[in-house]
Every structure is written in structure tokens, then in C-alpha cells.
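The values are calculated or read from the model by the stated rules, or taken from the named source; none is laboratory data. Everything numeric here is computed off the predicted structure, so don't read it as measured data. A quick note on method: Cβ atoms are made from the backbone with ideal geometry, for glycine too, and the neighbour counts reach across all protein chains shown.
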Amino acid sequence: MEQKQQDGAVEKAGDDHRFSNHNPKLALLLSIIPGLGQCYNRRFMKGTVFFLFTAAFIITFADFIDMGLWGIFTLGTQPGRDHSLVLIIQGLVTFILLAFGLLIYGINLRDAYKDAEKLKAGFGIPTLKEAFHNTYDKTFPYFLVGPGLILVIFAVILPLGFMLSLAFVNYHLRNSPPSNLLEWVGFDNFIALATTPMWQSTFISVFSWTVVWTVVATTLQIALGLFLAILVNDKRVKYKRTIRTMLILPWAVPGFVSILIFAAMFNDGFGAINRQIIEPLFNVSIPWMTDVMWTRVAIISIQVWLGFPFVFALFTGVLQSISDDWYEAATVDGANRWQKFKAITFPHVMYATAPLMIMQYTHNFNNFNIIYLFNEGGPAIRGQNAGGTDILISWVYSLTFSQQNYSIAAAISMIIGLIVAVFAFFQFRRTRTFKEEGKVY
Amino acid sequence: MLKAKTKSRLEVIAIYAVFAVMFVIIAYPLLWAVGMSLNPGRSLFSASMIPENWSLEHYKWLFFDDPRGRYVTWYKNSLIVASFTSLFSVLVATLTAYAFSRYHFVGRKNGIFILLVLQMFPILMAMVALYLLLSLVNLLNTLTGLIIIYVGASVPMMTFLVKGYFDTIPKELDEAAKIDGAGHMRIFVQIMLPLAKPILAVVALFQFMTPFMDFLLPRIVLRSEEKFTLALGLFNFVSNEFDNNFTRFAAGAILVAIPIALVFLFLQRYLISGLTAGGTKG
């Protein structure tokens, strides 16, 4: 706005001003060497900055980029000297640098063309001070985004990219840098997962337990949360605040503390569950930690204990916002309680919280803490290299840190990523932020 | 009529019965842990939920008698990590969110899209890579490495949280300030920040609590005992010799759980609103 007014004052009518023969295409062409186009536009300061920046970029990073590209394609040629992992990371950083460089280059081309067009149309050349001011105005948001962007690139995107790369090399205990070189092996790791009998059977059993665990534990915790929220919302119930606080307690206590307490309570030998409840009542003791079936029962029960308060708290808020008129109208129509629940309560609650409910499933799908802290994924099962309660993410952990089978672990991580992406897709369609952008994905 | 009244009364009794059962299920493990921590001996086998001659010896041991003073060190580490994570997360998320909420710049839409995609993927999916990456840049086994990942991983989600809040602040406010001649920085610091205090508090609190509760990331990053955070330290306390250390673990765990639970219960209203507002992870 501001800029237009300033420039407008200098604008001349007609085509007879100084720069009426100025050629934007020529400016674009000249900018192939960054800065030249700008100089042609009489923006010498800007041109110098672009040129110096490009020169500095090339001088500083040319070797690094050359080395990075060589490294990521070959993964090294001399064992001992070339560290394949370092080369992969340098390669990824190179890609990031190149993307950044290309972006600046693109901006340079665009800028030269736009400025030339303006000049041709009769806008004057802004003074240095104006130019600085405009640049500051335009680039300010980038300064704001800068720190976040850099952090996201190096703490999130780079690790994810590195993980993707690892899934396509042969990195395991007996083939690890720096003493060995890695190689790109295409989809071999995925093929091994699908066809080698040992991997195949382990993968299928871990995967199916992960699905059962996710569905059963999450659905139960949602159901319990909903049930309790409806009960507390009943008009006849008194002391609602106290009751709510009490019911939220498991969420307030740090998860790792609760899980470790439960791990002690469920202990086969000295645990309180066996000694104080099961043995006196039924005169047997249940092998919570050593029998796969019982361990699974225990883990699901604990997760329901840990997870229902969040759902409960959410639903309580939603239930209070449902108008009484709905229920009164339903009563007049002679609806019974179940019909009211099915037709009013449930749709309302689910509509308001669907993305968060999907998140609950995603969360449990990757719920490493409970699996690992309770029993480290155990008990062991004969003939497979994952424990009886290992879900995909905890299996990845043990493949990485105790078996050092990095590539297979990365391949499984990728599969987890794909599944999460499916969840994410459904969540996307319900996320408010995106609707605000005027599009619904 | 009388029949309906009796029926209603029975229902209320049933509802309270459900709550009673839930209370027992919720309180039992927690009270059991408290009981354990008050037992004088170290063996879990001889310990009882209501000890006959209770003592605070385990609490005392944690602070004064442990020759290596591990618990105090872990508490200190957790506080350091939590403070820095909280501070930097607020700073970075606020700046980014402000740009996305108020400026229309090239790449804005793509930026929002990328953040939205990234916040869906738990960073721990990349744990293999994180571990190797940190070891290559010599940040393995440092609190700095841990803080960087916490802050970086939180950026997408927290940005959305703050952006959502900024979006609710009327644009007329900063436009008026602009007309009055306030610069970019001034509008941000003097107008937006004071108005956004509640959401900044939520972000700060979330990020402060995460390092106290998280287990997996410290497990991957931290290797030596004097660098541990509380979650990791307490786990190692019991993982090797469950039977022998549980009473001490219980004492240590309770001293972590009580402050966190209190803060949580007092601020739950804000936490829930924060969680629902941004549609973030549960």
C-alpha cells in the first residue's frame, strides 16, 4: 500500500518516460548471473547484494556440495576413511542447502523481472532508504519464521530424512561404519521383512498385536470415559467438582510413575494384585509377567486406567454444551434413554471431538512407554525376535538398541510412518486450522 | 408415581456405586505406592500397604544418605531441561505463529501445510536417526541435545496452538497500531504478546512438564547416570533390582508426582482448552 503511493507520485502518464523501452525479459536473462539483472534495472545496491551473496554461497559451499553429492550417491569408496553415515547426513544437508540456494536464485530471477516490469510501467527507482524500508517490510515475516524453520529442519526433517535413508541401506551389527562401507540396497530390507520366514512371522505377529492393542485399549478407554462423563453429567449427582477431580487423577500423575507402580503391583511373585486380591479370593496366582495372554490383559487394563481421564475431561466439556431442549423434545416424542444416547449424545460428542479421538488411536499405536516400562515388551516368545507384547515402535527400539539392526528398524519405522499418515489423513479432514484456510482437504 | 421415584433413587445409588468402584480402582495403586514408600525396610516382599512402624527414611535417603546424591542430580537435570525447553519453545513458537497468523508472505500456505503434516508424526519414529545423528555431532549424552530435540519437535504443534489463539485476536488492533506508526516489532511486543499471555502460559507449562514425564527420548539421548532426568533415573533405580529398591523408588516417584499432579489439577481447565483449541496430540 505504502509503497504504491510513494511510487505512484513519480509515475508518469503514457509511454514516453525514460524507461519505456526497458525489457523485462532481458532483465530475467541477465539475472542468470544473479545481480546483473538488478543492475540493468538501475538497482545497483540490490544487484551487488545478490551478486555477493551468490559468490559467497558458491565459494563457501562448493566443496561441501560437491563432496555431499558424491558421498550420498556412492556412500564412500574406502572403508575406514569414508564413514557412510556421515556421508549420508552430509548428503542430506547438501540437499537442504541446494534447495535453499535454488530458492534464493528463484527469488533473484523473479525480482529482476518484476522490477523491470515496474520500471517499464513508469514507476520510479526508489531511493536507498525506501528500498531498505520495503525490503524490511517484506522480509520481516521470514525473520520471524527463521528460527522455527531452522529448528524444524535440523531437529525434525533431517532426522526423518536420515531415517528414510537408513531404510534403504544395509546397516546392521555386522556391517557398520566406519570399518565397513554401506550400500544402497533398494527395497531389500522391506523384501526381507516380507519374505524371510523369521522376520515375516515376527512382523505379522507384532503387527497384529499392535492393531489389536490399539483398537481394544483405545476403544475401551473412550467408552469408559464417555460412560463416566454421562454419569457425572446426570442432574441428580451432587459434588460434581470433587468427583471430576478424583476421576482426572490418573491423568495428573506422570505416566511413567503409574506404569512402574503397576509393574510392581502385577509382579508374579511379590506383586500386590496376586498377593492381596487374586490369591485370597481365588486361591491361584496369575502369571502376569510371564504368560503372554495375561501380560496383554494387564497392559490393556493399565492403559484404560491411564487413558480414560483425558477422554472423560473432554467429553464432560462437550456434554455441558448440549442443550437440554434436544432431550426434552426427545422425551416428548417418547424416546427411551438408549435412543436419546444414540441419536443425540453420541453424535454430538463424536462430532465435536473426532480429531482428538483419532489422535487417541494414533497415540496408543505408538505408545512406547507402557509397553516398555511395564515389561520391556516381554515375555519372550520362542522363534521370534520380538517379545510377546512388543508393538511396532517398541520392536523398533529393541532392534535399534539391543540388536543393532538399524536398517530393518528404519524400514519398520517407515511402515509406522505410512500408517500414521493414514490416521493423519482422516484427522486432517476434520482439523479446524485447515478449514480456516478456506480449503478442506 | 411412587414407583418412578424409587426407580430414580435406585439409579442414583447405582451411579454413586460406579463412582465408588472407580475411586477404589484409581486410589488403590496410588495409595499402595505411598504405603510402600513409608515402609522402613527395602524389601517389597515384607512391605505392607499400611506399615506398622512407618518412617520417612527413604525420603531422607534420597536427599541426604545416597552417597552419590543421584536423586538430587536428576531433579536438577530435569529442572534445567524443563526450563530451557519451556523458554525456547515459547519463544520460537510465538515468533513463528505470529508470522503465520498476521503476515501474508510467499510460502505461507506451504509452510502451514508442512507444519500440519509434521505435527502428525511423532519424532520418535525417527529414533534410530536421532540417536545416530546426535552421536555424530557429539550431542549424545548431553542435556543440550535433549533440549534441542524437545524444542524442535514441539515447534509444529505449539505453533498451531499459538497461531490458533492469535487468530482470535482482532486484526483491527494491530492495524490501528500500524496507522499510529508502530513498527513490526513494537506491535508484536506491546500489543500481541500481552494479549496472548494465556496461551503462552499453556505452552510454557506443557513444555515444562514434558521433560518430567517423558521417558523414551532421555532414554535414547542420555547415557550416564549423572546426566539422567527423573523419569530415566527412577526407572533405572528399579529396573535392575526391582525387589530391593522399590520402596526408595516409591518415595522418589511420589516427590515427582505430587507437584506435577497439583499443578495439573489446578490448571486442568486451561490445559484442556489448550489441547482442544489446537487439535493437538493427546
* Asked: So B:Asn138 fits all but one of (1) part of a loop (DSSP other than H, G, I, E, B); (2) more than 23 Å from B:Asp214 (Cα to Cα); what number is the exception?
  -> (2)
* Please find, within the range A:330-380, the residue that is modelled with the lowest pLDDT out of those that are within 30 Å of B:Ala231 (Cβ to Cβ), touching a Ser or Thr at 6+ places or on another chain (Cβ under 9 Å) and of a type in the set (Gly, Ala, Ser). => A:Gly378
* Structure fact -> Here the qualifying pairs (Cβ atoms under 7 Å; residues six or more apart or on different chains; first in the range B:109-137 and facing chain A (nearest Cβ under 7 Å); second aliphatic (A, V, I, L, M) and surrounded by fewer than 17 Cβ atoms within 10 Å (Cβ to Cβ)) come out as B:Leu136/A:Val86
* Which residues, taken from the range A:71-90, are crowded, with 17+ Cβ neighbours inside 10 Å, more than 13 Å from every other protein chain (Cβ to nearest Cβ) and either over 30 Å from the mean Cα position of the chain (by Cα) or assigned to a helix (DSSP H, G or I) (or both)? -> A:Gly71, A:Ile72, A:Gly76, A:Asp82
* Restricting the search to the range A:416-441, which residues are over 14 Å from the mean Cα position of the chain (by Cα) and either at pLDDT 55 or above or among the hydrophobic types (A, V, I, L, M, F, W, C) (or both)? -> A:Phe426, A:Arg429, A:Arg430, A:Thr431, A:Phe434, A:Val440
* Asked: In the range A:252-353, which helices (runs of 4 or more DSSP H) lie fully inside it and hold 1 or more residues that are among the aliphatic types (A, V, I, L, M), under 34 Å from the mean Cα position of the chain (by Cα) and within 13 Å of another protein chain (Cβ to nearest Cβ)?
  -> A:255-265, A:292-321
* Asked: Within the range B:33-54, can you find the residues that are facing another protein chain (nearest Cβ under 8 Å) and either modelled with pLDDT under 80 or surrounded by fewer than 21 Cβ atoms within 10 Å (Cβ to Cβ) (or both)?
  -> B:Leu44, B:Phe45, B:Met49
* Asked: Going by the conditions given, is B:Phe84 in contact (Cβ under 8 Å) with a residue 40 or more places away in the chain, more than 24 Å from A:Ser258 (Cβ to Cβ) and away from chain A (no Cβ under 12 Å)?
  -> yes
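Right, B:Gln190: within 30 Å of A:Lys138 (Cβ to Cβ) and either in a helix (DSSP H, G or I) or free of Cβ contacts under 8 Å to residues at least 12 places away in the same chain (or both) or not? First the steps, then the outcome.
Working: within 30 Å of A:Lys138 (Cβ to Cβ): yes; either in a helix (DSSP H, G or I) or free of Cβ contacts under 8 Å to residues at least 12 places away in the same chain (or both): yes.
The answer is yes for B:Gln190.
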* Structure fact -> Per the filter on the range B:214-242, residues among the aliphatic types (A, V, I, L, M) and modelled with pLDDT under 85 are B:Val238
* Asked: Looking at A:Thr210, A:Thr202, which is the one that is part of a helix (DSSP H, G or I), assigned by TED's automatic domain parsing to the domain that holds A:Ile358, over 24 Å from A:Pro309 (Cα atoms) and among the hydroxyl-bearing types (Ser, Thr, Tyr)?
  -> A:Thr202
* Asked: Across the range A:387-404, which residue is farthest from the chain's Cα centre (by Cα) among those that are in contact (Cβ under 8 Å) with a residue 24 or more places away in the chain and crowded, with 22+ Cβ neighbours inside 10 Å?
  -> A:Thr389
* Residues in the range A:367-426 that are closer than 18 Å to B:Met125 by Cβ and part of a helix (DSSP H, G or I): how many? -> 35
* Does the range A:100-123 contain any residue that is closer than 17 Å to A:Met45 by Cβ, free of Cβ contacts under 8 Å to residues at least 24 places away in the same chain and not in a helix (DSSP H, G or I)? -> no
* Just wondering, is there one or more residues in the range A:225-247 that are assigned by TED's automatic domain parsing to the domain that holds A:Phe315 and more than 30 Å from A:Gly317 (Cβ to Cβ)? -> no
